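The values are calculated or read from the model by the stated rules, or taken from the named source; none is laboratory data. If you're wondering where the values come from, they're calculated on a predicted model, not measured in any experiment. Every residue, glycine as well, gets a Cβ built from its backbone with ideal geometry; the counts of neighbours run over all protein chains shown. Please note that ligands, DNA and RNA were not included when accessible areas were found on the heavy atoms of the full protein model with its side chains. Shrake-Rupley method; radii C 1.70, N 1.55, O 1.52, S 1.80 Å.
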Amino acid sequence: MTFLYLGHNCATLGEIFELKAELNSDKKEKKKEAVKKVIASMTVGKDVSALFPDVVNCMQTDNLELKKLVYLYLMNYAKSQPDMAIMAVNTFVKDCEDPNPLIRALAVRTMGCIRVDKITEYLCEPLRKCLKDEDPYVRKTAAVCVAKLHDINAQLVEDQGFLDTLKDLISDSNPMVVANAVAALSEIAESHPNSNLLDLNPQTINKLLTALNECTEWGQIFILDCLANYMPRDDRESQSICERVTPRLSHANSAVVLSAVKVLMKFMEMLPKDLDYYGTLLKKLAPPLVTLLSAEAELQYVALRNINLIVQKRPEILKHEMKVFFVKYNDPIYVKLEKLDIMIRLASQANIAQVLAELKEYATEVDVDFVRKAVRAIGRCAIKVEQSAERCVSTLLDLIQTKVNYVVQEAIVVIKDIFRKYPNKYESVIATLCENLDSLDEPEARAAMIWIVGEYAERIDNADELLESFLEGFHDESTQVQLQLLTAIVKLFLKKPTETQELVQQVLSLATQDSDNPDLRDRGYIYWRLLSTDPVAAKEVVLAEKPLISEETDLIEPTLLEELICHIGTLASVYHKPPSAFVEGSRGVQHKRLPARAGSGESAESPDVGHSGPSEAPPAVIPSQGDLLGDLLNLDLAPPTVTVPSVQPSMQMGAMDLLGGGLDSLVCSSRALGGDIGGSPSMGAGLGAAPAAMPASLGSAPTVGGGLGDLFDLGGGVGMPTGSYVAPKTVWLLAMKAKGLEISGTFARRGGIIQMDLSLTNKAMSVMTDFAIQFNRNSFGLAPAGPMQVLTPLSPNQTIDVSLPLSMSGPVMKMEPLNNLQVAVKNNIDVFYFSCQYPLSLLFVEDGKMDRQVFLATWKDIPNDNEAQFQIKDIHLNSGNRNKYVLDRVLQNYSKKTNVFRDCMQKQMYDSTSVDSLVHDSLLLKGSYDAILKIIIWCNRIC
């Protein structure tokens, strides 16, 4: 027989011919053996796709083993033979109605694995039947099939109603069906973060907790992960869930244990710390975590990475378990280093002696990397536990006496940090350090030693000689050493100028003329210019007092830590990075956060704790976190529905208290603030200065008729034009107070609409999403006219500009100052609060017109005893078309109440100042508080 060689990955024609004959045999056993041979060839990489029709014909059998083999072949070759795969559709449909539940489940599982668009639409009806099958094994298999089908054609799954059927399966009587339904919905929800598929409520949570006790270990993991996404209503519900999850801590599977720990860590946030159960739960969490460290090295490492996060969040859980983290001689290096890190995090005054004894022992090991880490750990202990600093320094000196080169160099590096933390305390060891100067060959150690010599040059007699010895090979040193040497010699010169003049000239020349490094050259030029022009300033800059170094410089940023706690038991907790940092595409980008602690007042779900009444103290201008009114905490993200009662034109305006607390008290409070309202820059962020002159583009409005026209002859409006001045943005919320979110903003009026222009900057390490905003009650009922439109996630170091339209239909409450606005901004991380102030010119309409009868009726309502006298001095008239007005009453005493308003308005027209200034000047009129109300009403904004 002649064979045609087709390569190593192809079956020969002879083999194909023989297998084809056996597959078409009438004998069942021979046919089964032939299929096994085909699968064997396929497994080793041979191409047997030519046998596709013959293998498909073998589907028509009652033999379960043969059917499994055929389905396995189909899944492998259906994508490359889509036209042939359609031949199997009828068999799938038939098998889905087979009396044997194993065959029905096998058929629906295979259907989900065949990723061919042409045949998916044929599989909908069989899948629908299997989802409602009487056998739970078929139902749980069908649930997973829905997730696979959704990955192939999401629209088809939604149109066919499979997602609703999956939700119904959560209420199934079989726990495995519930677990698979949860797993499928979670998988779909990950790929579509904005879809609310898992709409969890207390009833659903109760069903999941019931199923938790009876399903397999992987089913428990799916359910626990789902529970971790639930937000309990209160601390009582949170405690109830914790009590039912706690037994999972004793499970033999480490993945179940970590998933249970994740749920408990999240729900503990809602438990008050003074609760007895809180302390009990802390004690129950320690034993399972310790048990995880008795597994093989790989599992130990995963457990240690997760424990590292837990210890940073709640060190009290394992504070009595220090000995568990002591290093064993046979631990792999990656386990040793992780244990060392956790030891430092758990170090305290109570156990520091034990820790230092261990670390000193580690410093004599043979593994160089581990020894270096151990020496650095001693330095970290000194910085973290102040009471142990002297003992740590003594331990480091003992290690230096060993004369082991890499130990000495690491010790010098950490002693430099100890000097930074505790200045003028341990400098007596400098002489010992200088003895080892010649043995230093690593850049970091040399740079540390140079820093010590330069910083304490006045205490070292031969400091100039020591630094000069480094200078000899200046160009051969690393950049780190060169920069440190330049700074150290300049420090030495400022401390001993007469002795080191040549030395400083030499180093400046080397840095500026003979170096190609731009950082070194720039620093050299700066020092040179400082020393040559102003030595006193140079001393203030170079010898300035250094800030103390942080106790824990390697802690994970709090916002990121909270997100990682929500991902315990996943790759994110091992990498110590959010999923968005290493998962491509849309999957895994859903950002999670811990709930706010009970009683902290920071939860977006907090109930309304009541509003400030008239007898309560007025709200602060810049409130602290969690210190705002209850209605601000009840963050309803829908547009506000509370409206201010409208004023009918015939109503006498003086009889109505628009701001709830009376204008008299408002003006009194403003006088206490020095009268700085409106355009005054002294009011801080968010309040723009008034423009110097009214824009020439202010068009003339139709003349106001009747008595008003005769009284004032106002040819144009006095409000701000649509293209009015917009103040530059100022920072309203600092990133350090908002977990990395910085908010800058200003206010503007465009086309008759008030706009809040915001710039959102992400200075954290994690992505921010789900932004929303709400205002507290305020003097003029300002409220967002719609949701804040942040359409894309805010990535780290990214800034997004948002323009938020505002309405005046919100609830009214007197604020101090009048234009104070308290704001709450919510995102996926937390709820943040800040306060800003808006210019009162925003509230004035462009035309400034008011019905004549309403104006006269309101004006007459102002009492006669509110007459006032005041003078306007130093008025400089503009040369515009309004110069025909003469302020003939400027220096007169006013005897009629109309004169107050008239001359205020004339001043407004001559000065062309903003309406802010008009209100500001009106506040200076002693007793004329109703005149202020008249001005505001006349501009037709509050009514």
- Item | Neighbour-limited loop hits for trypsin sites (Lys or Arg not before Pro), segment 49-121 (at most 14 other Cβ within 10 Å; DSSP other than H, G, I, E, B) | K79
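On a 32 Å Cα-Cα criterion, which of the cross-link pairs K20/K132; K384/K763; K273/K826 come out too long? Spell out each step's value before the answer.
Numbers: K20/K132 39 Å; K384/K763 27 Å; K273/K826 25 Å.
Flagged as over cut-off: K20/K132.
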- Item | Cut-off 20 Å, label 7 Å out along Cα→Cβ of A252, residues of segment 207-226 by amide N | 212-222
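Could you tell me the calculated FRET efficiency between D770 and E217, based on Cβ-Cβ distance and R0 = 56 angstrom, to the nearest 0.05?
Values: r = 33 Å, r/R0 = 0.59.
Calculated value: 0.95.
Hey, can you find the accessible area per residue of segment 462-593 for me, probe 1.4 Å, expressed in square angstrom?
Details: 7020 Å² over 132 residues.
Per-residue accessible area for segment 462-593 comes out at 53 Å².
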- Task: Collect residues whose amide H, placed 1.01 Å from N in the peptide plane, falls under 5 Å from the amide H of S807; neighbours closer than 5 in sequence don't count.
- Result: A783, A785
- Query: So what is the relative contact order of segment 442-544, in percent, for Cα pairs below 8 Å that sit 6 or more residues apart?
  - Reply: 25 percent
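Of all the Cα-Cα pairs you can form in segment 281-370, what percent are over 23 Å apart? Walk me through the numbers on the way to the answer.
Details: 796 of 4005 pairs.
Tail fraction, whole percent: 20.
What order do you get for 527-540, 153-166 when each peptide is scored by the mean count of other beta carbon atoms within 10 Å, highest first?
Values: 527-540: 14.5, 153-166: 16.1.
Ranked from most to least packed, the peptides come out as 153-166, 527-540.
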- Query: Given a 1.4 Å probe and every protein chain left where it sits, what share in percent of the accessible area of segment 730-843 is carbon and sulfur?
  - Reply: 55 percent
- Task: Per residue of segment 65-82, in order, report the coupling 6.51 cos²θ - 1.76 cosθ + 1.60 (Karplus, θ = phi - 60°) as ³J(HN,Hα) in whole Hz, putting x for Gly and Pro.
- Result: 5, 5, 5, 4, 5, 5, 5, 5, 5, 4, 4, 6, 10, 5, 5, 7, 10, x
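Identify the chymotrypsin sites (Phe, Trp or Tyr not before Pro) of segment 280-339 meeting these criteria: DSSP loop state and at most 10 other C-beta atoms within 10 Å of the C-beta. List each step's numbers first, then the result.
Working: sites: Y301, F325, F326, Y329, Y334; in loops: F326, Y329.
The qualifying sites are Y329.
Report, in cubic angstrom per residue, the convex hull volume of the C-alpha atoms of segment 717-824.
Numbers: hull volume 12.9 nm³, N = 108.
Enclosed volume per residue, from the Cα hull, is 119 Å³.
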- Just for the Cα atoms in segment 237-393, what are the lengths along the principal axes, largest first, rounded to whole Å? 51, 35, 17
- Item | Separation in nanometres of the label points that stand 7 Å from Cα toward Cβ, at E427 and V726 | 5.6 nm
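Holding the Cα-Cα limit at 25 Å, pick out from K46/K79; K262/K284; K360/K546; K313/K373; K37/K68 the pairs that are longer than that. Present the calculation step by step, with values, prior to reporting the outcome.
Details: K46/K79 16 Å; K262/K284 14 Å; K360/K546 30 Å; K313/K373 23 Å; K37/K68 14 Å.
In this structure, K360/K546 lie more than 25 Å apart at Cα.
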- Item | Point-to-point label distance, Y575-V845, nm (Cα→Cβ direction, 7 Å offset) | 5.7 nm
- The ³J(HN,Hα) series, computed from each phi in segment 735-745 with the Karplus coefficients 6.51, -1.76 and 1.60 at θ = phi - 60°, rounded to the nearest Hz and given as x for glycine or proline, is 4, 5, 9, 10, 6, x, 8, 10, 10, 10, x
- Task: Determine ³J(HN,Hα), in whole Hz, for all residues of segment 235-240 in sequence, where each value follows from phi through the Karplus function 6.51 cos²θ - 1.76 cosθ + 1.60 and θ = phi - 60°; x replaces Gly and Pro.
- Result: 5, 5, 5, 4, 5, 4
- Quick one: which residues, 5+ away or cross-chain, put their amide H under 5 Å from the amide H of Q160? H built at 1.01 Å from N. none
- Net +/- balance of residues flanking L209 in space, Cβ distance below 13 Å, scoring K and R +1, D and E -1: 0
- Suppose every K and R has +1 on its Cβ and every D and E has -1 on its Cβ; what is the size of the dipole of segment 442-544 about the Cα centre, in Debye to the nearest 20? 420 debye
- Note on the structure: Non-local residues with an amide H under 5 Å from the amide H of L741, with H modelled 1.01 Å from N and Pro and chain starts lacking one, are K763
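Report, to the nearest whole %, how much of the accessible area of segment 111-258 belongs to carbon and sulfur atoms, 1.4 Å probe, protein only. The partial results should precede the final answer.
Details: 2880 of 6480 Å².
Carbon and sulfur atoms account for 44 percent of the accessible area of segment 111-258.
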